[in-house]
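**Q** This is the structure I have questions about; it appears just below.
Derivation of every value follows stated rules applied to the coordinates shown; laboratory data play no part. Since we're looking at a predicted model, the values are computed, not measured. We place every Cβ from the backbone using ideal geometry, glycine too, and count neighbours over all the protein chains shown.
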Amino acid sequence: MVTRIGTFSSASALIQASMNIQTMLNQQQTEEASNVKSATYGGMASGDAGKLLDIQGQSARIKADGAAASAAGAVTQAAYSAIGNINGLASQVRSQLSAALSGTYANGVTPITAQQAQAWLNQLQSQLNTQVAGQYVFGGQATGAPPVNFSDPSYDPTSTPSTPDTAYYSGSPTLRTLTTSDGQTVQISATASSPGFEELARALKTIAAAPTDPTTLQSAYDLVGQATSDLAETQATISTQAATLSDISTAATTKTTTLNNLATDINGADLTTAAVLVSQYQTQLEALYQTIGKLSSDSILKYLS
């Protein structure tokens, strides 16, 4: 009788063993399904959790750098495009000034009027108040309001047309700057008070004040020529900014991919091993269940009656 009653302790041990194997089976099945060793840091091997946290921190910082560089890149692209339009405007103005000074007009070209000069000035203002995602491109660090107003009462370069006048500009004198997590800095865009913009605006303002005066037109012609040269320099600077920002964005993508691969190596499941273990644990469980079932069929009541 003692021997038979002892089978219950054996059955209890077998049940406990089956529960342990079931736990291990569940873990391996989870690895197979998720392709990771553990969904929590606590379930990872010693040292791996710290490595994974460090890699994930680096990845997050670099990913943020890439996103910031992409956003800044959109600003520089818009600035570059706007300057291209302004260059086109400057070429048109200079061509008509040349015709006015020589007295020869091509078909359809009429002498310059104050209204025409004002229309050019309006076009320039529109380009310098370009926005990207609700932020003004040429306002420096002040991105929340239009930086240019050529109708501002304080702006009147006609009194001293040979002197730069930026009274039309209400933005910040300091450029926006992107600083990455590793300390790299890149300036973004240009301010609307930059020489090329100011010179073209001053030329147009003086033309509007005296559109038929040869001396005024000659001075404006020369000023537009200088503006064209300075605009090209500004555009080249912005082109360099855009290239640098693109490099940062591309490098960030490459680095985050590499870091993510490292994270996978640390916490990635060995699917082949997991599949073998799942099969082994299932076989062991089946054997245990059969043994427990056999023991259960020998009811102790038969030996206590």
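**Q** Peptides 111-123, 195-207, 81-93: what's the order by average Cβ count within 10 Å, highest mean first? Write down the numbers at each step before the final one.
**A** Numbers: 111-123: 16.2, 195-207: 24.8, 81-93: 18.2.
Output ranking for 111-123, 195-207, 81-93: 195-207, 81-93, 111-123.
**Q** If you average the sequence gap of Cα pairs under 8 Å that are 6 or more apart and divide by the length of segment 72-248, what percent do you get for the contact order?
**A** Relative contact order of segment 72-248: 28 percent.
**Q** Run the quick spin-label model on T113 and S162: label points 7 Å from Cα toward the beta carbon, then report their separation in nm to one decimal.
**A** Computed distance between label sites T113 and S162 equals 3.3 nm.
**Q** Within 10 Å, count the other beta carbons around each residue, average over each peptide in 141-150, 69-78, and list them highest first.
**A** Highest to lowest by the protection proxy: 69-78, 141-150.
**Q** Also, I was wondering about something else. Provide the net charge surrounding T160, with neighbours chosen by a C-beta distance below 15 Å and charges set as Lys +1, Arg +1, Asp -1, Glu -1.
**A** Neighbour charge sum, excluding T160 itself: -2.
**Q** Quick one: net charge around A68, please, counting Lys, Arg +1 and Asp, Glu -1 for every other residue with C-beta under 15 Å from its C-beta.
**A** It works out to a net charge of +1.
**Q** How much length is gained on full extension from T254 to D54, taking 0.36 nm per residue of separation minus their Cα-Cα distance?
**A** On the way: separation 200, 0.36 × 200 = 72.00 nm, distance 1.75 nm.
Net length gain for the segment: 70.2 nm.
**Q** Taking 0.36 nm per residue of separation and subtracting the Cα-Cα distance, what length does fully extending S151 through S91 add?
**A** The S151-S91 span can extend by a further 19.3 nm.
**Q** Which parts of segment 225-242 would a label at A209 reach, counting a residue when its backbone N lies under 19 Å from a point 7 Å out along Cα-to-Cβ?
**A** 225-227
**Q** List every residue whose amide H lies under 5 Å from the amide H of V132, counting only residues 5 or more places away in sequence or on a different chain, with H placed 1.01 Å from N in the peptide plane.
**A** Under 5 Å from the amide H of V132 lie the amide H atoms of V137, each far enough along the sequence or on another chain.
**Q** Moving on. Got a sec to turn the phi values of segment 169-186 into Karplus ³J(HN,Hα) couplings, 6.51 cos²θ - 1.76 cosθ + 1.60 with θ = phi - 60°, whole Hz, x for Gly and Pro?
**A** For segment 169-186, the Karplus curve yields 9, 10, x, 8, x, 9, 6, 5, 9, 9, 10, 7, 5, 9, x, 6, 10, 9 Hz.
**Q** Apply the Karplus parameterisation 6.51 cos²θ - 1.76 cosθ + 1.60, with θ equal to phi minus 60°, to every residue of segment 234-241 and state each ³J(HN,Hα) to the nearest whole Hz, in sequence, with x for glycine and proline.
**A** Once rounded to whole Hz, the list reads 5, 5, 5, 4, 5, 4, 5, 4.
**Q** Still on this structure, please answer the following. Which shape class, rounded, prolate or oblate, goes with segment 72-248 when its Cα gyration tensor gives a ≥ b ≥ c as root eigenvalues, a/c under 1.5 marks rounded, and past that a/b bigger than b/c marks prolate?
**A** prolate
**Q** Can you order the peptides 155-164, 230-239 by their average number of other Cβ atoms within 10 Å per residue, highest first?
**A** Highest mean packing first, the order is 230-239, 155-164.
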